[in-house]
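Novice: Let me give you the structure first, and then I'll get to my questions.
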Amino acid sequence: MIKHILALAVAAAVASPAHALTAGALAFTPLNAAVDNGAVAARVDIAARTTVFFSDNEWNGTAFADTNEHTLTWSTGAGVIAAGTVVSFTEIDATTDTITASIGTLALASGGGTNLGLSASGDTFYAYLGTGALAPTTFLTALTSEATTTNVTNAGLTVGTNAIALVSSADFGEYTAARSGATTFADYKPALFDNTNWNDVATGDFSASVPNTTAFTLSPIPEPQTYAMMLAGLMAMGFVASRRNMS
């Protein structure tokens, strides 16, 4: 089967220290080869007007081993994409190609191949900062459905830490664990990259499935005055209890 699973490559056209992206800053959340779609979660804020490249070419440690697949360019738009946001992507190879993103715009990149569509034949796809569609500088994450994780380690990433490994030749995979209850977005990182938190299967018909774009949210941390009120309440309860014991 011809390999062309989606790969994500991220290059900041306009970056700021507040939105610096490093390994694990992005995380894939579903892959659906049946209808050529997927999604990625932002674990940190993504700066406005960031350029994102999707490519399914394989990294051998120094360069892409092939460029006959395809590369897409995602322009995130004029606003900051907040941490916790999940962005879905569609790239259907049909009589009229359908290439869309739920936030920003998605289009075929020049020079990166034109073989659209997702496949379950066993591939690795990446997210990386770069100076161009095929010129990565810092790999951010990867998702593989290959029998080995060589192409993940070639990119300097580690499965379970900043990359995810599905079962070999998975047609479909989706993160199914919690998306709420954490106090920081960093708290979601171990769960996102743990494949025991994924529903991933080798074969099946998932044409009716759509990416889960439920955002990751945080539990509010009580304000200092709230802690003070709680402490005062506990002290008052203790005082009342001590008076009762004395009477």
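The values are calculated or read from the model by the stated rules, or taken from the named source; none is laboratory data. Worth saying up front: this structure is predicted, and the values here are computed from it rather than measured. Cβ sites come from the backbone with ideal geometry, for glycine too, and all protein chains shown count toward neighbours. The protein model used for the area step is the full one, side chains on, heavy atoms only, and it has no ligands, DNA or RNA in it. Shrake-Rupley method; radii C 1.70, N 1.55, O 1.52, S 1.80 Å.
Novice: At a Förster radius of 25 Å, what calculated FRET efficiency corresponds to the Cβ-Cβ distance of S75 and T96, to the nearest 0.05?
Specialist: After rounding to 0.05, the efficiency reads 0.75.
Novice: Would you please state which residues of segment 28-43 a label at A82 would reach in this model, taking the label point 7 Å out along Cα→Cβ and a backbone N cut-off of under 13 Å?
Specialist: Label zone hits: none.
Novice: Now for a different question. Mind ordering 146-153, 120-127 by average Cβ neighbours within 10 Å, highest first?
Specialist: Listed from highest to lowest mean packing, they are 120-127, 146-153.
Novice: Given Cα pairs under 8 Å that are at least 6 residues apart, what percent is the relative contact order of segment 17-70?
Specialist: It rounds to 26 percent for segment 17-70.
Novice: Another question about this same structure. Just want to confirm a number: the relative contact order over segment 121-226, from Cα pairs under 8 angstrom separated by 6+ residues, in percent.
Specialist: 23
Novice: Before I look further, what does segment 101-154 give for accessible area per residue, probe 1.4 Å, in whole square angstrom?
Specialist: About 35 Å² of surface per residue is accessible.
Novice: How would you order 195-202, 169-176 from highest to lowest mean count of nearby Cβ atoms within 10 Å?
Specialist: Going by the mean number of other Cβ atoms within 10 Å, highest first, we get 169-176, 195-202.
Novice: Calculate, for segment 24-97, the solvent-accessible area per residue in square angstrom, rolling a 1.4 angstrom probe over the heavy atoms of the protein chains.
Specialist: Accessible area per residue: 31 Å².
Novice: Looking at the P(r) of segment 52-131, how many percent of alpha-carbon pairs lie beyond 15 Å?
Specialist: The share of Cα pairs beyond 15 Å in segment 52-131 comes to 60 percent.
Novice: Additional query: With a ≥ b ≥ c the root eigenvalues of the C-alpha gyration tensor of segment 79-206, is it rounded (a/c under 1.5), prolate (a/b larger than b/c) or oblate?
Specialist: Note, shape of segment 79-206 comes out rounded.
Novice: Moving to a separate point now. In whole angstrom, note down how far apart the Cα centers of segment 160-191 and segment 23-99 are.
Specialist: Segment 160-191 and segment 23-99 have Cα centres separated by 16 Å.
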